[in-house]
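Okay, structure first, notes after.
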Amino acid sequence: MKKLTFLLLVSILTLSPITIMAASPTQESEQHTRQHPENAVVITYNRAVQLALSNMLPNQQTDIHLRELRNMRDDLQTHITNQERRQVNRETQDILNNMNQDLWNLNLQIGGAAAQQQQLQTAAAAAMEAFILSMDSGGPIDTQALQTAINSMIWAASMDVSIGAMQDGRNTLGNALSDIDAQRNPARYVIDNNRRDLTDLDRQIEALNLTQEHAKIAQENILRQTIIAVEELSLAISVTQASISVSEESLRQSTVLHSFGMMSINDIRMAEQTLERSRMALTELILRHESAMSHLNNMLHQPLNQHTVIEFERDLPEIPDNITRHITQTATTTQIVRQLRLQVETARYARRTFDENRERERRANQNAGRPGETETVRRNNDRTRDALLESYNLATTTLAQATQSLQAAMHNAYNELERLHTQKEIQTIALSTATTLLETALTNFELGRATAHEVEQARLNVFIAEQAMETTLNQKWLLAFLLEHPVLLI
């Protein structure tokens, strides 16, 4: 009788209704799509980006400001061209062009000589270090290294005279150019001031362009995060639904076992509570999914209750062969570094403009028979120049620190990418194993050797493995955008 009861129990448990559905492993593919309801609206990722950027209020305001600045710049450029057309004397201009060419050549010679002097000083330091090491080693003393160091130092020191002479010539030529320019056309200074205004406008336009570029990048990053949030919640809903199937089957089996006196009423209540918790979790996930979907629709200017599906290509990044070199090269072209470099150039330009105006006023006073600068004016000018120098030094320091922070953040990002690569390989194996176990459970169920609960549990394990795999791929997709736009890393 006991044997008959046991066989009846096994028959009831194994013949439970179940939908036979084999799960396929998730693969890392270029085109990412997910099954969606028939009433869903499908939007490509590129179109989604266009929609998300189309009505950004800061972006619109920047566009208006940029148009105004460009119009001002065009008007000023036209004004300068007309001024120069009226004021330029061809013969004097030819002389100035030749002198400017000589000045350019002198600057090249000075730069080349300075670079050669630096090489000699470096070679002298290296040779002296080799000589000191040979003395400290207790072996033969490297006298040739000492001689090389001495010769290099002598040669580098002798170049000071020639470099100084070229610099004096450059200064003399520059002063002569200023004198000719002043005698040729006093209105030239008006044109020069207009050109400075033009340079200021160019810098403002470039700064706004960089600000606008950063705003667009940040908005697209938020869009990606929102898309992934919807995707992650969809995955969580699938896993929770599978968990509910397991809990329902567990409750059904507990009820059957209880009817045969093989399980207590407390076990049934625990199974009911587990099922209720899973259903409550599903309800919460659905509400969160609806909220995330509404947020996505709001970004894309779509109806809030619309079921939107974004189709996108997973542009998963590869790890460079030489990460350090790649980071060094990439960091110099990022938006934040370009913006800080612009600030350095602006500070340098402000210093140069101040020095030029100061020297012009000094020489004008001297030509008029007055002192170049009174003591009070000199002190005020010195304080102004010190403040400009401090601003320049601060901008330079900020640029160096930001570059260093950016490179460190990129190193960390690539370390994370390597970790995700390894994690994905592990998850691929785990998903393949879970899929195989599900197929085995389905086969055994058809043969009467497995219960419905075992099949549902195997299916749940596949959903969990798929969720882990998709989460890793989504993280890599987000990381790809950060590495493409490293400014977002700091």
*asked:* Quick check on my filter: what residues within the stretch 438-473 are at pLDDT 90 or above and among the polar types (S, T, N, Q)?
replied: Thr440, Thr443, Asn444, Gln457, Asn461, Gln467, Thr471, Thr472
_Scope the stretch 427-447; condition touching a residue at least 40 places away in the same chain (Cβ under 8 Å) and more than 15 Å from Gln467 (Cα to Cα); matching residues_ = Leu438, Glu439, Leu442, Phe445, Glu446
*asked:* Here is a check on your reading of the model: is Ala113 surrounded by 11 or more Cβ atoms within 10 Å (Cβ to Cβ) and at pLDDT below 70?
replied: no
*Considering only the stretch 247-281, state which residues are of a type in the set (Asp, Glu) and under 17 Å from Val455 (Cβ atoms).*
Glu248, Glu249
*What's the number of the condition Ile429 fails, among (1) surrounded by 12 or more Cβ atoms within 10 Å (Cβ to Cβ); (2) modelled with pLDDT of 90 or more; (3) closer than 29 Å to Val246 by Cβ?*
(1)
*Within the stretch 322-359, count every residue that is farther than 23 Å from Glu390 by Cα and either touching a Ser or Thr at 6+ places or on another chain (Cβ under 8 Å) or of a type in the set (S, T, N, Q) (or both).*
10
*Of these, Thr436, Thr440, Thr472, which one is in a helix (DSSP H, G or I), over 27 Å from Arg314 (Cβ atoms), among the β-branched types (Val, Ile, Thr) and out of contact with any Phe, Trp or Tyr (no Cβ under 8 Å at 6 or more places or on another chain)?*
Thr440
*For residues that are among the basic types (Lys, Arg) and part of a helix (DSSP H, G or I), scanning just the stretch 265-322, find the one that is modelled with the lowest pLDDT.*
Arg269
*Here are Leu177, Leu223: which of them is among the hydrophobic types (A, V, I, L, M, F, W, C), modelled with pLDDT of 75 or more and touching a Leu at 6+ places or on another chain (Cβ under 9 Å)?*
Leu223
*asked:* over 20 Å from Asn175 (Cβ atoms), surrounded by 13 or more Cβ atoms within 10 Å (Cβ to Cβ), in the same structural domain as Glu345 (by TED's automatic domain parsing) and polar (S, T, N, Q): is that true of Thr403 in this structure?
replied: yes
*asked:* Please verify whether Asn266 is outside the structural domain of Glu454 (by TED's automatic domain parsing), under 27 Å from Ala52 (Cα atoms) and among the polar types (S, T, N, Q), treating the condition exactly as stated.
replied: no
_Against the conditions (1) closer than 27 Å to Thr471 by Cα; (2) more than 33 Å from the chain's Cα centre (by Cα), where does Ile228 fall short? Just the number, please._
(2)
*asked:* Tell me the residue from Arg352, Arg341 that is loosely packed, with under 15 Cβ neighbours inside 10 Å, closer than 24 Å to Ile205 by Cα and assigned by TED's automatic domain parsing to the domain that holds His485, please.
replied: Arg352
*Qualifying positions in the stretch 443-466 - closer than 30 Å to Tyr414 by Cα and surrounded by fewer than 20 Cβ atoms within 10 Å (Cβ to Cβ)*: Ile464
*Tell me which of these Asn415 doesn't satisfy, since it passes every other one: (1) surrounded by fewer than 17 Cβ atoms within 10 Å (Cβ to Cβ); (2) touching a residue at least 60 places away in the same chain (Cβ under 8 Å).*
(2)
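The values are calculated or read from the model by the stated rules, or taken from the named source; none is laboratory data. Just so it is clear, the model here is predicted, and its values are computed rather than measured. Every residue, glycine among them, receives a Cβ derived from its backbone with ideal geometry; neighbour counts consider all protein chains shown.
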